[in-house]
Structures are given as structure tokens and as C-alpha cells.
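In what follows, a single structure is set out as C-alpha cells and then discussed.
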Amino acid sequence: DLCTGPHIQNTKQISAFKIMGNSSAYFLGDQANDSLQRISGVAFPKNDQMKEWLTYLEEAKKRDHQLIGKNQKLFWFSPLSPGSPFFLPHGTRIFNAIQAMLREQYWMRGYDEVHSPLMYDVQLWKTSGHWDHYQEDMFRVPLKHTHGAAPDAPVASGPDAA
């Protein structure tokens, strides 16, 4: 992959660099082509800038919401719905408290709350472009017209439900 920048005029401007990861990738994204090695890294004009940035990354790991949520038993994630949390009882209480606070703020500011359907005719997803990208991963109900669930539709109630 070629990045779009920013770039430097010459390597004399780099005093510190660190390789952050590597992976393989097929040439032009095609499995029929050769596998290439992808290397990602960062560079800084001064070593202390890199040390400061690496310290920042380590501190950020301690505040990772997925790690905190797991450790405090607030929610869990399932490979059946990647990126969508399944809230456990304490996480649900926190979620409901935040939602209640928001509802109060809506009311104070004159906003009305609405709920939209979780299932839509497939035409909506085709119009939005979601169908071309996500149709294989969407929950679909083929009736007279095919319908698909919104990405945040609940499908299970706990870790053992799947």
C-alpha cells in the first residue's frame, strides 16, 4: 500500500522510528497473485517525541473500553455480531441511566424522541449502498419482499443464547 502522506524530503529528518506491525497482503488484493509483506510503522524527528507517543499508547490501552467493559462485566462481544455489545445486567443499568439522563435533557430542550423500525425493505439498503457491502452479513427475512435487520437489532439475550 502506498500512503498519501505526509512525506519527508529525506531520511535525515527522522531520528526515531518504530515498526508497529506487519502482515501479508496479496498483490492488488487478489488471492491469485503473490503474497507481499506489509510493514507499518511510525517516525519522529526526535527520539523523545517517539517515547512520549509510545507512553501515550500504553496509557490509552489501560482506558480501552472493551477491556474495561470485560473486566467490570458490563458487556461482552460475540463473533456472531462483531462490534455490537451484548450488555450484561450492570452494563444495562448504566446504559439505562445514561438513556434516562438523555431523555430528561431532550424534554428540557423541547426535543421529541422517536423509535424507528429495525427491519426494512431491502430497497432501503440498496439505496443506501449497504446491500452491496453487507448483504451476506445481514439478517434477512424473505417474505413477499426481502427485509433486513438494522445493524443494531438485538438477536440474542446472553453469552449462552447463541
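Computed from the coordinates by the stated procedures, all read-outs in this text should not be read as laboratory data. Please read all numbers here as calculations on a predicted model, not as lab measurements. Every residue, glycine among them, receives a Cβ derived from its backbone with ideal geometry; neighbour counts consider all protein chains shown.
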| said: Within the chain, which is the longest segment that contains none of the chymotrypsin sites (Phe, Trp or Tyr not before Pro) sitting in a DSSP loop with at most 16 other Cβ atoms within 10 Å? | reply: 1-110
| Footprinting exposure proxy for Leu124, Leu80, Leu143 (fewest neighbouring C-beta atoms within 10 Å first) | Leu143, Leu80, Leu124
| field | Separation in nanometres of the label points that stand 7 Å from Cα toward Cβ, at Ile19 and Arg38 | value | 1.6
| said: Which of Asn96, Asn33, Asn47 ends up with the largest GNM mean-square fluctuation for the chain, with Cα atoms connected below 10 Å? | reply: Asn33
| Largest-first principal axis extents of the Cα set of the chain (Å) | 62, 45, 39
| field | Coil-residue trypsin sites (Lys or Arg not before Pro) of region 3-78, DSSP, other Cβ within 10 Å capped at 12 | value | Lys46, Arg63, Lys73
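Please work out how much length the chain gains when fully extended from Asp112 to Ile94, using 0.36 nm per residue of separation minus the C-alpha to C-alpha distance, in nm with one decimal. Write down the numbers at each step before the final one.
On the way: separation 18, 0.36 × 18 = 6.48 nm, distance 2.23 nm.
Residue separation times 0.36 nm, minus the Cα-Cα distance, leaves 4.3 nm.
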| request: Distance between Cα centroids, region 1-56 to region 80-132: provide it in whole Å. | output: 37
| said: I want to verify a result. In a Gaussian network model of the chain, Cα cutoff 10 Å, which of these has the top mean-square fluctuation: Ala100, Ala25, Ala16? | reply: Ala25
| task | Name the residues whose placed amide hydrogens come within less than 5 Å of the amide hydrogen of Ser15, ignoring near sequence neighbours (fewer than 5 apart) on the same chain. | result | Phe44, Lys46
| said: Quick one: 3J(HN,Hα) in Hz for region 112-125, Karplus 6.51/-1.76/1.60 with θ = phi - 60°, rounded, Gly and Pro as x. | reply: 10, 9, 10, 10, 9, x, 8, 10, 9, 4, 4, 4, 4, 5
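What do the square roots of 5 times the Cα gyration tensor eigenvalues come to for region 11-63, in whole Å, largest first, as semi-axes of the equivalent ellipsoid? Before the final figure, lay out each step's value.
Values: eigenvalues 179, 56, 6 Å².
Values for region 11-63, descending: 30, 17, 6 Å.
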